[in-house]
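The values are calculated or read from the model by the stated rules, or taken from the named source; none is laboratory data. Predicted, not measured: the structure shown is a model, and the values here were computed from it. Here the Cβ positions follow ideal geometry from the backbone for every residue, glycine too, while neighbour counts run over all protein chains shown. These accessible areas exclude ligands, DNA and RNA; they are computed on the full protein's heavy atoms, side chains included. Shrake-Rupley method; radii C 1.70, N 1.55, O 1.52, S 1.80 Å.
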Amino acid sequence: MLDIFNYSFIVRGLEAGIIIAIIAPLIGIFLVLRRYSLIADTLAHVSLAGVAIGLLFKINPVITAIIASVLSSFGIERLRLSKKVYGESALAIFLSGSLASAVVILGLAHGFNVDLFSYLFGSIVTVKQSEVYTIAIVGLFVIATVFIFYKQLIYVTFDEDAAKISGIPTRFVNTLLILLSSLTVALAIPVIGVLLTSALIVIPVVTALQFKKSFKRTIIIAEIISIFSVIAGIFLSYYFNLATGGTIVLINLVIFCLVYLFLGL
Amino acid sequence: MHKVDHTKNIIEVKNVSFSYGDQQVLKDISLNIHQGDYLGIIGPNGGGKTTLLKIMLGLLKPSRGTVSMFGQDICCFKHWSKIGYVPQNAVRFDTSFPATVEEIVTMGLYGKKGLFGSLNNKDKDKIREVLEQVEMTPFRKRLIGDLSGGQQQRVFIARALVSDPEVLFLDEPTVGVDVKTQENFYALLNLLNVKYNLTFILVSHELDIVVQEATEVACINQTLVYHGAPKDFMKGDYLSKLYGKELKFIVHDH
């Protein structure tokens, strides 16, 4: 049974997967409660453009994905705050725009190959050691930042006006949240893929919310679901030769359905 | 408890005007609020009373004029822990938000704590004390969404009180709350005003309550129509001018 650990790529996949599993709901809870769920999906598509640039110039694609995602997260926020464009439309513009850029850049690079497929749907086989290091370092940064700004993040999420009146710099906190989201999305892409990343950020949180517990407990439940689904997904995909990202998301969905049905009764 | 000086200006609103685009909402409003005042801001819907509250709190910038709080211009105001804010309940609150009463009251301390500060025993005592004050101790582990409207308002009062404010701003606090709960709510405000010398600024469309509860009334309908004692407001010809006959009837009915 444990022969799985003899393959270094599986170990790398697990390491990267578990870090992603920890940070995704930590950011997800703030995005879901602020009705920002869709931003995760947009940033994932933006990251694909970043990956394409990385592949074109032969730079670590996780790093170019992070840069693309962070830069456009500020662009989205600015467009939204200008009030000349609806928040949703701003997301749509960035989503389709970056997908278009990704396709064009990849065409320039070396056409559509296996590499691209693994970034679209995620693949633990292709997670490189250098990517594991990047994921670990940036992941730790995300976790530490959420812990430090937990107070500000929860207050701004619950009641932005009251938070501002209590002296919290709400604008800074909003920018911080969007920055952390873009980092999280960019990190998750090698493991779970552009098209499925937002699922890992959103579904464990939505599942945990069904339990109707305190904020802290909701986070803990979401973490348990997320970590379990990633580990189980990697094992199942290894033994049954399934696509890893898809397996992880499907496990998440099964848990959501069970919880929803069970608690609804 | 600090000594109250009823002549000391806490908030000074000077020549404030405000427009949304071409539409002027407030015109040349000047208003001083003294320590210990219980000011009710009333006026017809769309008359600009909530806009004025938002300007006082620095959430909106006036197109002309200035607001100062504790002698400091609102744009550079730093002592936010002196200010408590109780939002309009019915409109802007997500009842499925996963937070307990205790977690929400704790939020009231976050502004004071700064970035790295964590809660100490004194803070925890304070949280217990305000929960006791608003009689919500038995509900402290309950989710905010599971409470009745009146109970939720008590929680928001507790959140505002926990940072030991000197001034409390309330925006239509009893919208969607039944009459009995409303009475208890205003009894609590009265106690806080008289016993703890808190200054209140209450925005409400419920004229009868404001006239009964507040010690001063400011009536806003684009301009400051009246500012003074509630009883003189009732004697004057302001009501029919502002509202027509309909509301006058409700007021007399009470």
At 20 °C and 1.002 mPa s, the Stokes-Einstein diffusion coefficient in µm²/s for the stretch A:119-207, with hydrodynamic radius from the Kirkwood sum on alpha carbon pairs, is 148 µm²/s
Under the helix-only model (-39500 (n - 2.57) for each DSSP H run of 4 or more, divided by the residues of chain A), the mean residue ellipticity at 222 nm, to 500 deg cm²/dmol, is -27500 deg cm²/dmol
Plugging the Cβ-Cβ distance of B:Lys8 and A:Ile143 into 1/(1 + (r/R0)^6) at R0 = 41 Å yields, to the nearest 0.05, a FRET efficiency of 0.30
In Å², rounded to a whole number, the accessible area per residue of the stretch A:147-262 with probe 1.4 Å is 38 Å²
Whole-Å distance linking the alpha carbon centroid of the stretch A:136-157 with that of the stretch B:24-74 is 36 Å
Taking the square root of 5λ for each eigenvalue of the C-alpha gyration tensor of the stretch A:81-155, the equivalent ellipsoid has semi-axes, largest first and in whole angstrom, of 29, 26, 9
Computed on Cα atoms only, the convex hull of the stretch A:2-198 has an orientation-averaged projected area in nm² of 11.4 nm²
The stretch A:1-110, convex hull of Cα, quarter of hull surface, nm² -> 8.9 nm²
A 1.4 Å probe over the protein heavy atoms gives the stretch A:1-98 a carbon and sulfur accessible-area percentage of 68 percent
Checking the stretch A:45-151 for chymotrypsin sites (Phe, Trp or Tyr not before Pro) in a loop per DSSP with at most 11 other beta-carbon atoms within 10 Å yields A:Tyr86
Note: the protein assembly as shown at 37 °C, 0.692 mPa s; Kirkwood Rh on alpha carbon pairs; Stokes-Einstein D in µm²/s works out to 129 µm²/s
Reduced to Cα centres, the span from the stretch A:17-40 to the stretch A:224-265 in Å works out to 17 Å
Taking N as the number of residues in the stretch B:98-254, the ratio of its alpha carbon radius of gyration to 2.2 N^0.38 Å works out to 1.20
Averaged over residues of B:102-108, the number of beta carbons from other chains lying within 10 Å of each residue's Cβ is 4
Exposed trypsin sites (Lys or Arg not before Pro) being those in a DSSP loop with at most 14 other Cβ atoms within 10 Å, the longest stretch of chain B free of them is B:142-254
Expressed in nanometres to one decimal, the distance between label points 7 Å along Cα→Cβ at A:Ala100 and B:Asp232 is 6.6 nm
Expressed as a whole number, the average count of other chain Cβ atoms within 10 Å around the Cβ atoms of A:165-177 is 4
Residues of the stretch B:127-167 that bury at least 20 Å² of accessible area, probe 1.4 Å, when all protein chains are present rather than the chain alone, are B:Leu143, B:Arg159
Checked against a 20 Å limit on the C-alpha separation, the offending pairs among A:Lys212/B:Lys141; B:Lys8/B:Lys195; B:Lys82/B:Lys180 are B:Lys82/B:Lys180
Carbon and sulfur atoms account, in whole percent of the 1.4 Å probe accessible area of the stretch B:9-243, for 47 percent
Long-range share for the stretch B:78-138, i.e. C-alpha pairs more than 18 Å apart as a percent of all pairs, stands at 46 percent
Counting only DSSP beta bridges with both partners in the protein assembly as shown, the antiparallel fraction in percent, to the nearest 5, comes to 55 percent
The set of residues whose placed amide H lies less than 5 Å from the amide H of B:Ser17, leaving out same-chain residues fewer than 5 positions away, is B:Asp28, B:Ile29, B:Ser63, B:Arg64, B:Gly65
Taking a straight Cα-to-Cα line shorter than 17 Å from B:Lys78, and setting aside same-chain lysines fewer than 8 residues away, one finds A:Lys164, B:Lys54, B:Lys61, B:Lys112, B:Lys113
With the 8 Å Cα cutoff and a minimum separation of six or more residues, the stretch B:9-243 has a relative contact order in percent of 29 percent
Relative contact order of chain A (C-alpha contacts under 8 Å, at least 6 apart) in percent is 31 percent
Counting only protein heavy atoms and rolling a 1.4 Å probe, one gets per residue an accessible area for the stretch B:120-227 in Å² of 41 Å²
Residue-normalised 222 nm signal for chain B, counting each DSSP H run of n ≥ 4 as -39,500 (n - 2.57), nearest 500 deg cm²/dmol, is -10500 deg cm²/dmol
Here the stretch A:167-177 yields Karplus 3J(HN,Hα) values (6.51, -1.76, 1.60; θ = phi - 60°; whole Hz; Gly and Pro given as x) of x, 7, x, 5, 4, 4, 5, 4, 4, 4, 4
